[in-house]
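Visitor: Attaching a single structure in structure tokens format; questions to follow.
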Amino acid sequence: DAKTTQPTSMDCAEGRAANLPCNHSTISGNEYVYWYRQIHSQGPQYIIHGLKNNETNEMASLIITEDRKSSTLILPHATLRDTAVYYCIVRVGSGGSNYKLTFGKGTLLTVNP
Amino acid sequence: DAGITQSPRHKVTETGTPVTLRCHQTENHRYMYWYRQDPGHGLRLIHYSYGVKDTDKGEVSDGYSVSRSKTEDFLLTLESATSSQTSVYFCAIKQRDTNSPLHFGNGTRLTVT
């Protein structure tokens with residue numbers, strides 16, 4: 001799996017957009033970008049994933065640069081409940097190697113009142 | 001949330017005793033995984049299953065065994081618990097061998113004294 005680099009921590013004001021960056025400069029053509037988050041004492045929660053097009057769902061938007069070397073997760077209106085560690089992961093979509101989901105240290109997002 | 005139930009949620013046991021953790025899913029997903037999470041190590045894959053009675057080792061499988069006799073249940077057994085197996089254990093499920101994401105349970109906190 002390609003290595004990812006994320007900032008250790010970020011702050012965001014409640015109600016504002018939270019933009020979480022991720023660098024994955026060694027990503028391969030068949031690797032997807034996945035975002036998960038983990039709220040304290042809970043299991044990781046899937047947020048969104050994409051290959052090369054921008055994606056949006058009810059939780060967030062994922063913007064992937066044209067060269068696919070970086071991406072940004074956008075929480076459009078952050079709330080206090082979005083305070084969590086956010087993980088960016090890249091991996092192939094299928095095949096045996098995709099079972100080994102490797103989580104790095106992630107970004108601790110703190111949403112402030 | 002994905003229909004994943006882990007039991008027990010908390011357990012304290014003594015060194016040398018066998019321990020079995022259970023993961024139960026109601027999603028009829030084919031793939032199931034056991035991870036452990038420790039400070040400084042992130043999530044590490046212990047074992048996974050790609051179907052009933054089909055299992056394989058992950059990166060930290062020593063001291064653990066698994067069984068999957070039916071689609072909905074994936075059991076993790078610590079054959080003789082050691083203090084190094086004190087951890088939070090997460091079960092995850094995945095629908096298909098494609099880019100579908102993993103969905104995690106809320107974990108079992110195991111303490112081996």
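The values are calculated or read from the model by the stated rules, or taken from the named source; none is laboratory data. This structure is a prediction, so every number in the text was calculated from the model and none was measured. Note that we place each Cβ from the backbone using ideal geometry, even for glycine, and neighbour counts take in every protein chain shown. Calculation scope for accessible area: heavy atoms of the full protein, side chains included, ligands and nucleic acids excluded. Shrake-Rupley method; radii C 1.70, N 1.55, O 1.52, S 1.80 Å.
Visitor: May I ask you to give the average projected area over all directions of the convex hull of the Cα atoms of chain A, in nm² rounded to one decimal?
Guide: Projected area, direction-averaged: 6.6 nm².
Visitor: Can you tell me which of A:26, A:72, A:83 moves the most in a GNM of chain A? Springs connect C-alpha atoms under 10 Å apart.
Guide: Highest fluctuation among the options: A:26.
Visitor: Report the net charge of residues surrounding residue B:7, where surrounding means a beta-carbon distance below 14 angstrom and charges are Lys +1, Arg +1, Asp -1, Glu -1.
Guide: +2
Visitor: For the range A:26-74, what is the accessible area per residue in Å², given a 1.4 Å probe and the full set of protein chains?
Guide: Heavy-atom accessible area per residue stands at 51 Å².
Visitor: Can you pick out the pairs among A:105/B:57; B:70/B:94; A:3/B:70 whose Cα atoms lie more than 25 Å from each other? Could you put the intermediate results ahead of the total?
Guide: Working: A:105/B:57 23 Å; B:70/B:94 15 Å; A:3/B:70 35 Å.
Beyond 25 Å: A:3/B:70.
Visitor: Ballpark to the nearest 100 Å², how much total accessible area do A and B bury together, probe 1.4 Å?
Guide: Its buried surface, counting both partners, is about 1800 Å².
Visitor: Return the carbon/sulfur percentage of the accessible area of the range B:32-101, one whole number, probe 1.4 Å, all protein chains in place. Mind dumping the intermediate values first?
Guide: Details: 1280 of 2890 Å².
In the range B:32-101, the share of accessible area belonging to carbon and sulfur is 44 percent.
Visitor: Continuing with this model, one more query. Where the centroid of each part is defined by its Cα atoms, how far is the range A:34-71 from the range B:44-113 in Å?
Guide: If we compute the Cα centre of each part, the gap is 24 Å.
Visitor: Working out 0.36 nm times the residue gap between residue B:65 and residue B:12, then minus their Cα-Cα distance, what length gain in nm do you get to one decimal?
Guide: Additional length available on full extension: 17.2 nm.
Visitor: Taking Rh as the Kirkwood radius, which is the inverse of the mean 1/r over Cα pairs, what is the Rg/Rh value for the protein assembly as shown?
Guide: Here the Rg-to-Rh quotient is 0.98.
Visitor: While we're on this one: Please find, in a Gaussian network model of chain B (springs between Cα atoms separated by less than 10 Å), the residue of B:68, B:36, B:96 whose mean-square fluctuation is greatest.
Guide: Ranking B:68, B:36, B:96 by mean-square fluctuation puts B:96 first.
Visitor: Another question, if that's okay. Using only the alpha carbons, work out the radius of gyration and Dmax of chain B in angstrom.
Guide: 13.1, 40
Visitor: Assuming 0.36 nm per residue, please report the length gained on full extension of the stretch residue A:17 to residue A:3 beyond their Cα-Cα distance.
Guide: Residue separation times 0.36 nm, minus the Cα-Cα distance, leaves 2.4 nm.
Visitor: Here is a follow-up. Report the FRET efficiency, 1/(1 + (r/R0)^6), for residue B:86 and residue A:58, where r is their Cβ-Cβ distance and R0 is 25 Å, rounded to 0.05.
Guide: 0.10
Visitor: With a 1.4 Å probe on protein heavy atoms only, tell me which residues of the range B:71-113 lose at least 50 Å² of accessible surface in the complex relative to the chain by itself.
Guide: SASA drop of 50 Å² or more in the range B:71-113: B:97, B:99, B:101, B:102, B:104.
Visitor: Also, I was wondering about something else. Whenever you get a sec, compute what percent of the accessible area on the range A:1-81 sits on carbon and sulfur atoms (1.4 Å probe).
Guide: 46
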